[in-house]
Amino acid sequence: MIERLDYEEIGFISGLEVHQQLLTAEKLFCRCPAGLYTTTHDGEILRHMRPTLSELGEYDGTALMEFKTKKEILYLLNRLNVCTYEMDDTPPFLVNQDAIDIAIQLCLSMNMDIIDEVHIARKQYLDGSIPTGFQRTAIVAVNGWMPFKGRRLTVTHVSIEEDSCREVSDKGHRIIFRTDRLGTPLTETVTGAELRNPQEVREAITLCGLVARSTGRVRTGLGAARQDINVSVRGGRRVEIKGVPRAAYSVKLTHNEAIRQVNLLKLRDAMRGRGLDSPDNIRMHSKDLSDICSYEALGFCRGVLGDNRIYGVRIEGARELAQHPTQPGKSFLDELSGRIRVIACLDESPIILGGDTLPKFQDMPEMQRRVREKLGAKDRDDVFLLCGPQTDCLTAAEEIRLRFCDAADGVPMETRQALPCGLTTFERILPGPDRMYPDTDLPPTQITPERIEESRRQLRPVPWEREKRYGSWRVPLETTHFLIRRGGAEIVDAIVEKTGADGLVAAIEIGQRAKAMKRAGIPIQRLDTDKWIEVFDLYTDGLIPREGIRSVAARMATEPELSAKQAADAEDINLQGAEKWGSEVETLIDGAADAIAQGADGKATRLITGKATAMLAGKAAAKDVALYVRQRLLEGRP
Ligand SMILES: [Zn+2]
């Protein structure tokens, strides 16, 4: 197993497709509300996918794969968030212009050329997650870039498209979807394949997220932004890891995919060494072995139910190849199992038995001998066992052959599902390039130069501009990113502009203290920009100390009818000059005469400052009290 990788040496390359839901009131092609998710349903619709010839007279490989799965697709419908459009029973309504406006702003942030005329196209989508079998999509801009680690990260194009259904469950031949998310507007941002290692992938995802958040017009929360990450190594092929919800997950996922590809290339070489170098040389034989195998001994729980059978599969010359490593802790047998799970729908563990996954029961050597004998296995052959309905077992046996054929060629192009452990599993064959075709249901949208200019005027600062400006105020980068992600940066900028407050103070109070208050259950998000400006006005006018900002803000959050001044009064904060409180500090200094006399000056200063600050909370700024005490004790002047 490879622990470390020299990404440059193996030719690691990655690019992103970032999907970001837009904050619109309605869906993209109908007037149903967007972002209204439900957990109940009023109706169900059952559908099957059936491949039809494309306009070029060909079947798409992905379409055939989905057809092989023979899935029943069940849609759950709630009258609150779905209509006949999403179910393909009425034509689309005109495209949501708000969504186009948001997309234009996003694209301008990334220095892109906006398309003059936005044309809707259909993109084949055959996994059932879109009932029509296609997704409506339109390119909005091309040819952009973002500053990235001292170079430029290319943004090849941005499209607007409709989101797919949410999967509820996928068991056997039945997959269930909720249709609430279906049709929600999202942008797809496609970057160049320019990321050179997993850390760069992570940073690029974070950057794309910050740019989208900077517009202030995108949805947030888990699932509102999902990335597909394309990864390949030299000699391998593009593999797409689908739906990665967080930037941090990308590091392990892409690292492990690189390991997988390096190992699959080694497996290919090993197969070539055995003459298994083309589909013609890979021979598979399968047989029903239910009469000589025991379900229980093999651990196939489902065996005893219904019409299930046990099938043996023999691959000539493949002895021990299934144990070849792939991802960390995984072997080629898992590649077989992934394909069988998805395509033959045999999804109960164990999906396939072979090599060292065969149980080590006492009678196993005898059973294995009989299995190999019945399958006519020679020493150099490998055998596998499957359990399920006859038709599924035959589909699975053929998939085993096809996966070995792919292995003879190296890394197959496929989409892979991200698992929580940083590993991936087969999802489907990567769709071919011909999956797009024009949609004649809708007129194109003209994007006039005036509309682009209007968008440009409304454009908010891009993240790299804020990073630079906040950096000059010495705001930690993490806080800057938090402020951009959560919209706090807009408030900070307004405070600095309108009240003249110090940028660092505003950024820390909004980005760190307010965050802590929210965690403590104070509804601080109720304070809009105007209210924050009121609070900071008191601070810059010298009426409240810096430490008063949070208590006034908290009071205003819990009692929204109060003005900032009233909140300050309610908190008993009313800053006074040293002439009002200096005598109280003098009393404390007199009381500590012994400590001071013992010569422990620093200690006495800290002690008195602490006591005085607590005593004068709300009347004097802590920094003024500290200064007074320090000057009085160390420098002898009040
Ligand atoms: Zn609708």
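The values are calculated or read from the model by the stated rules, or taken from the named source; none is laboratory data. What you see is a predicted model; the values in this text were computed from it and never measured. Note that each Cβ is placed from the backbone with ideal geometry, even for glycine, and that neighbours are counted across all protein chains shown. Accessible surface is based on the protein model in full, side chains and every heavy atom, while ligands, DNA and RNA are left aside. Shrake-Rupley method; radii C 1.70, N 1.55, O 1.52, S 1.80 Å.
Model label sites at Glu450 and Val168, defined 7 Å from Cα along the beta-carbon direction, differ in position by 4.8 nm. Kirkwood's formula applied to the C-alpha pairs of the stretch 230-280 gives a hydrodynamic radius of 12.4 angstrom.
Principal-axis analysis of the Cα atoms of the chain puts helix 622-634 at an angle of about 60° to the longest axis. Using a probe of 1.4 angstrom and keeping all protein chains present, the accessible surface of the stretch 192-334 works out to 41 square angstrom per residue.
Which FRET efficiency, nearest 0.05, do Thr558 and His48 yield, Cβ-Cβ r, R0 45 Å? Before the final figure, lay out each step's value.
On the way: r = 56 Å, r/R0 = 1.23.
Calculated value: 0.20.
Mind pulling the angle between the C-alpha long axis of helix 578-591 and the longest principal axis of the chain? Nearest 10 degrees, somewhere in 0 to 90. Helix 578-591 and the main axis of the chain meet at about 90 degrees. Using the Cβ-Cβ distance between Arg457 and Arg234 with R0 = 35 Å, the FRET efficiency computed as 1/(1 + (r/R0)^6) comes to roughly 0.15.
Relative contact order of the stretch 551-638: what whole-number percent is it, with Cα pairs under 8 angstrom and at least 6 residues apart? Could the numbers behind the result be given before it?
Working: 62 pairs, mean separation 23.2, N = 88.
Computed over the stretch 551-638, the figure is 26 percent.
Between Asp291 and Glu117, the modelled label-to-label distance comes to 7.0 nm, taking each label 7 Å out from Cα in the direction of the beta carbon. On a per residue basis, the stretch 416-465 carries 59 Å² of accessible surface, using protein heavy atoms and a 1.4 Å probe. Across the chain, the mean sequence separation of Cα contacts (distance under 8 Å, 6 or more residues apart), normalised by length, yields a relative contact order of 14 percent. The spacing between the stretch 263-301 and the stretch 347-425, judged by their C-alpha centroids, is 6 Å.
The accessible surface of the chain, taken with every protein chain in place and a 1.4 Å probe, is 50 percent carbon and sulfur.
In the chain, helices alone account for a calculated mean residue ellipticity at 222 nm of -11500 deg cm²/dmol, with every DSSP H run of four or more residues adding -39,500 (n - 2.57). Among Ala564, Pro389, Ala612, pick out the residue whose Cα is farthest towards the positive end of the charge dipole of the chain, where Lys and Arg carry +1 and Asp and Glu carry -1 on C-beta, about the Cα centre. Farthest towards the positive end: Ala612. Taking the average, over residues, of other Cβ atoms within 10 Å as the packing measure, peptides 555-565, 541-551 rank 541-551, 555-565 from highest down. Taking a point 7 Å from the Cα of Met615 along the Cα-to-Cβ direction, the residues of the stretch 550-588 with backbone N closer than 17 Å to it are 576-588. Using C-alpha pairs under 8 Å with a sequence gap of at least 6, the mean separation divided by the residue count of the stretch 198-334 gives a relative contact order of 20 percent.
For the stretch 39-191, DSSP calls about 85 percent of its internal beta bridges antiparallel. With the simple model of a label 7 Å out from the Cα in the direction of the Cβ, Asp441 to Gln598 spans 8.4 nm. Placing +1 on the Cβ of every Lys and Arg and -1 on the Cβ of every Asp and Glu, with no other charges, gives the chain a dipole of roughly 1300 debye about its Cα centre. Each peptide in 466-473, 94-101, 13-20, 321-328 receives the mean, over its residues, of other Cβ atoms within 10 Å, and ordering these scores from highest gives 13-20, 321-328, 94-101, 466-473.
Roughly what percent of Cα-Cα pairs across the stretch 76-160 reach past 22 Å?
Values: 1499 of 3570 pairs.
Summing the P(r) of the stretch 76-160 above 22 Å gives 42 percent of all pairs.
Note on the chain: Kirkwood radius taken over Cα pairs, Stokes-Einstein applied at 25 °C and 0.890 mPa s, translational D equal to 84 µm² s⁻¹.
Each listed q (0.15, 0.16, 0.23, 0.24 Å⁻¹) maps to a log10 I(q)/I(0) for the stretch 412-508 from the Debye sum over equal C-alpha point scatterers, namely -0.81, -0.82, -1.09, -1.16. Relative to the longest principal axis of the Cα atoms of the chain, the long axis of helix 546-558 lies at roughly 60 degrees.
Can you figure out the FRET efficiency of Leu64 with Gln97, using R₀ = 45 Å and their beta-carbon distance, to the nearest 0.05? Could the numbers behind the result be given before it?
Details: r = 38 Å, r/R0 = 0.85.
Efficiency computed from Cβ-Cβ geometry: 0.75.
PRE reach from Ala25 (point 7 Å along Cα→Cβ): which of the stretch 203-218 fall under 17 Å by backbone N? Correct set: 217-218.
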